[in-house]
Each structure stands twice: as structure tokens, then as C-alpha cells.
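Okay, so here's the structure we're looking at.
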Amino acid sequence: MIKAVFFDIDDTLYDTSGFAKLARKAALNAMIDAGLPLSHDEAYKLLREIIKEKGSNYDKHLNVLTKRVFGEEKPLLIALGMITYHNVKFALLRLFPETMSTLIHLKAQGYHLGVISNCLTIKQYEKLVRLGLHHFFDSVVTSQEAGVEKPDIAIFKMAMERMGCKAENSVMIGNSFNDDILGAVNAGMSAVFLTPELEESESNYIEKTGLKLDIISDIGELKDIM
């Protein structure tokens, strides 16, 4: 019997697919207007290279960018970029339409709710607070705290230990087949895959291995299966 329900955050509780790109481009536009000597395409290409090199959780991408362009960090440009990025990002931060009602439903059913996320702890709490979701969750475990990222089973075990639940009583809801679904299954948990459409490789894996999991295209469908 399922007692604990764990969620990923990004692209599971809210839509992240477009806002980050828009926020980054807005930040670069502000920096270019203030003197960054690159075209919009050149700046975005360089930023993407830095993000790939440093990782998305690194918090000084713009510092690195100005140092590579000027040979030293430019505090004013960095500040302009950071403020613009955060203003645009949070202006676009929106829950999926059924997220709030689904969490309310699960709470009313007596489930304990948790988060398992690959990100910096403060960043994920900031999202949950801004989205008005932090009070729904009994536990939030991030890769920063665990020292490993999903799909490593250690992060799932830490989340279950903190929640005081066993794998057979836990389910993971997420949009990443490898990180959320296979990671949870390998940790002994059940899983619900949130995806608009299965990729061929995912479908083949499920068929080949006989993997048992629920597949939904909208978070609101959880209300029908739990």
C-alpha cells in the first residue's frame, strides 16, 4: 500500500521547458545593451557552452562569460544579467493547471508528500515557495544534500529514510525516464512516468524488460489512479 508520494519539481510540478531559455536571452540582451561586445547569437552560444561545461547548477555562469570576453569579471554587467534573469524567470514561473488540485487531493487522501530533485537546495526551495507549494511537502531532498544525483539509488534511499517510509510503500512521480523512473525502480519504489509521449527507446525498454509503471500525460491524472 502506497503511503508516500515523491515528486520531481522541474517539468513535473511546473513547466520549465521554455522559461529558462527566455530568461537567459533576456539577461544577455541587458548585458549587450550595457556594453557586452557580442551579438545576441554569439552571446547565447557562449553562455550555452559555459552551462554545458560548468553544469546547470553552477551559479556563476555570467561571471565566467564576462571573464572570457574581457579577461576579467565585470560586476555591473553580471549584476544586470542576474537581475534580469531572475525577474524574467519568476515572472514566467507557472504551475501546470492541475498541480495544485492534485496535491490537495493527495493530501486529503492521507498521503505523505516529498520532493526528490537534482539541484541546489536553496534554488528548489525558492521555486516551491514562489509557487506556493512548500507547505504541501513533508520532506525535500536534493542532490546537493545527498551528494549524488538521480538516478543514483542513494538519493532515493535518503528521501525514504527522512520520510520514515519503505520502498514498497513509496512511489516516485517524474518526467525523466532515466533519472526519476529507473532510479526509483532500482531503489525498489513504484513509479509514475509523466510524459506527453513515450520515446521509442523508452517504449522498447518497457516492453523488453516488462517494466511495470503507470504512464500519464497530465499530472491531474494522478487523482484517478491514487
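Using a probe of 1.4 Å on the protein chains alone, the accessible area found for K3 is around 110 Å².
Entry comment: accessible area of the chain is 52 Å² per residue, from protein heavy atoms only and a probe of 1.4 Å.
Solvent-accessible area of M158, all protein chains in place: 60 Å² (probe radius 1.4 Å, heavy atoms, ligands and nucleic acids excluded). Shown are H112, H135, H61, whose ranking by accessible area with a 1.4 Å probe and every protein chain present, most to least, is H135, H112, H61.
The computed Cα extents along the principal axes in Å for the structure shown corresponds, within (i) 49, 37, 35; (ii) 84, 39, 37; (iii) 59, 38, 30, to (iii).
Using the Cα gyration tensor of region 95-174, with a ≥ b ≥ c the square roots of its eigenvalues, what is the shape: rounded (a/c below 1.5), prolate (a/b larger than b/c) or oblate (neither)? Here region 95-174 falls in the oblate category. The length gained by stretching the chain between L76 and E200 to full extension, at 0.36 nm per residue less their Cα-Cα distance, is 39.9 nm. Once the Cβ-Cβ distance of L211 and H105 is raised to the sixth power relative to R0 = 25 Å, the FRET efficiency obtained is 0.45. When +1 charges are put on Lys and Arg Cβ atoms and -1 charges on Asp and Glu Cβ atoms, the dipole computed for the chain relative to its Cα centre reaches about 720 debye.
With both residues required to sit in the chain, DSSP beta bridges show an antiparallel share near 5%.
Taking amide H positions as modeled 1.01 Å from N, with prolines and chain starts lacking one, the residues under 5 Å from L113 and 5 or more places away or on another chain are V5, D138.
Using a 1.4 angstrom probe on heavy atoms only, work out the carbon and sulfur share of the accessible area of the chain in %. Carbon and sulfur atoms account for 50 percent of the accessible area of the chain. Scalar couplings 3J(HN,Hα) for region 27-42, obtained by applying the Karplus form with A = 6.51, B = -1.76, C = 1.60 to θ = phi - 60°, are 4, 5, 4, 5, 5, 5, 4, 9, x, 5, x, 9, 6, 4, 5, 5 Hz; x denotes Gly and Pro. In this simple spin-label approximation, R130 and F90 carry label points 7 Å from Cα along the Cα→Cβ vector, and these lie 0.6 nm apart.
The values are calculated or read from the model by the stated rules, or taken from the named source; none is laboratory data. Predicted model, so just to flag it, every value in this text is computed and none were measured. As a convention, Cβ positions derive from the backbone with ideal geometry for all residues, glycine included, and neighbour counts pool all protein chains shown. Note: areas computed on protein heavy atoms with side chains; ligands, DNA, RNA excluded. Shrake-Rupley method; radii C 1.70, N 1.55, O 1.52, S 1.80 Å.
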